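In what follows, a structure is listed as structure tokens, so that the remarks can point back to it.
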Amino acid sequence: TAQPAPPISTAQPAPTSTPTPLPPPPSPPAPATGGSGSHSGLSTGSIILIVAGSLAVAYVVFGCVFNCKKRNKTGCDAFPNKSAWAGCCGLVKDGCQFSWRKVLGKESRKAEYTATARNPYDGMYERF
């Protein structure tokens with residue numbers, strides 16, 4: 001005696017509750033390379049600023065050490081070329097005022113010009 005065959009079901013399977021995965025996000029754009037496409041790292045200007053800054057720090061440090069050891073100076077007097085650097089703030093102020101007048105369109109007459117800083121080179125070549 002043969003067993004009856006199970007009935008064939010035509011019903012669709014029940015949907016599962018797991019969502020379909022989303023596609024991956026688009027990749028970020030490539031960084032700008034400045035035209036040639038082969039450069040990476042620091043720019044020329046960055047390198048120049050790093051070298052100039054390093055030389056300035058070395059100048060001040062070694063100048064102070066030299067003035068302390070060889071010329072027996074202490075405190076602010078040990079700063080190298082102190083008299084020349086003392087006038088820089090006034091010279092920067094003069095340059096800013098000159099530029100600001102040019103931006104505003106005011107004419108700078110020679111008779112109106114008065115230097116706010118003393119000459120930074122006064123006494124620069126005096127022997128100690």
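Throughout, read-outs are computed from the coordinates displayed, never taken from laboratory work. Remember, predicted model here, so these are calculated numbers, not experimental data. Heads up, the Cβs are rebuilt from the backbone with ideal geometry, glycines too, and the neighbour counts pull from every protein chain shown.
Taking label positions 7 Å along the Cα-Cβ direction at both V92 and F62, the computed distance is 2.5 nm, reported to one decimal. Less than 5 angstrom separates the built amide H of K73 from those of C68, all sequence-distant by 5 or more or on a different chain. Evaluating 6.51 cos²θ - 1.76 cosθ + 1.60 at θ = phi - 60° for every residue in the stretch 56-61, the Karplus couplings come out as 5, 5, 4, 4, 5, 5 Hz, glycine and proline recorded as x. In this structure, W85 and L49 have a Cβ-Cβ separation that, at R0 = 22 Å, corresponds to a calculated FRET efficiency of about 0.65. Full extension of the chain between K69 and R101 yields a length gain of 6.9 nm, computed as 0.36 nm times the residue separation minus the alpha carbon distance.
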